[in-house]
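What follows is a single structure, written as structure tokens, with notes after it.
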Amino acid sequence: NLIHRRTLDTVSDNEIMILPGASLFIRKKVIETIGLYDKDYFAFVEDMDFNWRAQIAGFKLKLVKNARFYHRGYTGLSAKDEKFKYSTLKKRYLSERQILNALLKNFQVYTLIFVLPFYALSNVLEFSFFLAHGKPKFAFIYFRTWYWNLTQVKNVYNKRRNNSMIRKVSDLKIYPRIYKGWAKFM
């Protein structure tokens with residue numbers, strides 16, 4: 001998830017914000033402290049949110065540079081079962097919706113005041129891009145994303161309260177990792 005193409009040898013553990021969920025080994029204490037994956041995220045962004053909450057609670061992510069794992073992409077999402085078939089449009093909607101939701105529930109208020117205007121601006125620019133390229137269905141994903149999150153205010157509030165109870169690390173310590181790895185967050 002680093003923006004710059006780098007080898008694993010040059011990445012330090014303190015730069016890691018997210019490790020893919022398919023490759024995680026998780027201590028029982030982490031799950032006892034932060035819980036499992038967010039049940040509102042069926043797919044997409046669930047590993048980012050889990051990693052983020054673990055770091056909020058003071059747990060460290062460690063990269064095992066010589067480990068190998070194999071993951072066959074979105075096999076469950078391309079299954080023949082209609083329940084699991086997702087179009088590119090649906091995947092983008094779920095990703096955008098859950099990224100915004102993760103921002104709202106995991107950032108502290110002072111960070112949200114700083115980040116949210118930039119995030120909204122990036123959404124406006126992406127909306128304009130898709131509209132200008134004749135893809136209105138993709139453009140209007142952003143309205144659906146913000147609307148869904150507005151309907152989740154009580155849910156987000158409860159999750160923010162839970163995060164504040166487990167929080168041991170401020171956004172000031174975590175934010176540099178987000179900035180290096182996720183251009184969309186700033």
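Taken together, the criteria exclude Y93 from residues that are open to solvent by less than 60 Å² (accessible area, probe 1.4 Å), under 17 Å from V45 (Cα atoms) and modelled with pLDDT under 90. On the stretch given as region 23-45, residues that are within 15 Å of the chain's Cα centre (by Cα) and at pLDDT below 90 total 5. Of all the numbered requirements in (1) over 22 Å from N155 (Cα atoms); (2) open to solvent by 20 Å² or more (accessible area, probe 1.4 Å); (3) modelled with pLDDT under 95, M17 misses one, and that requirement is (2). Does region 84-99 hold any residues that are part of a helix (DSSP H, G or I), among the aromatic types (F, W, Y) and over 12 Å from F140 (Cα atoms), and which are they? Correct list: F84 only. Test K60 against the stated conditions and say whether it is farther than 17 Å from M165 by Cβ, among the basic types (K, R), modelled with pLDDT under 90 and open to solvent by less than 100 Å² (accessible area, probe 1.4 Å). No: the conditions fail for K60. On the stretch given as region 30-55, residues that are open to solvent by 80 Å² or more (accessible area, probe 1.4 Å), touching a residue at least 24 places away in the same chain (Cβ under 8 Å) and closer than 18 Å to R167 by Cα total 0.
The values are calculated or read from the model by the stated rules, or taken from the named source; none is laboratory data. As the structure is a prediction and not an experimental result, all values here were calculated from the model. Using ideal geometry, Cβ is built from the backbone for each residue, glycine included, and neighbour counts are taken over all protein chains shown. The area values use the complete protein model at the heavy-atom level, side chains included, leaving out ligands, DNA and RNA. Shrake-Rupley method; radii C 1.70, N 1.55, O 1.52, S 1.80 Å.
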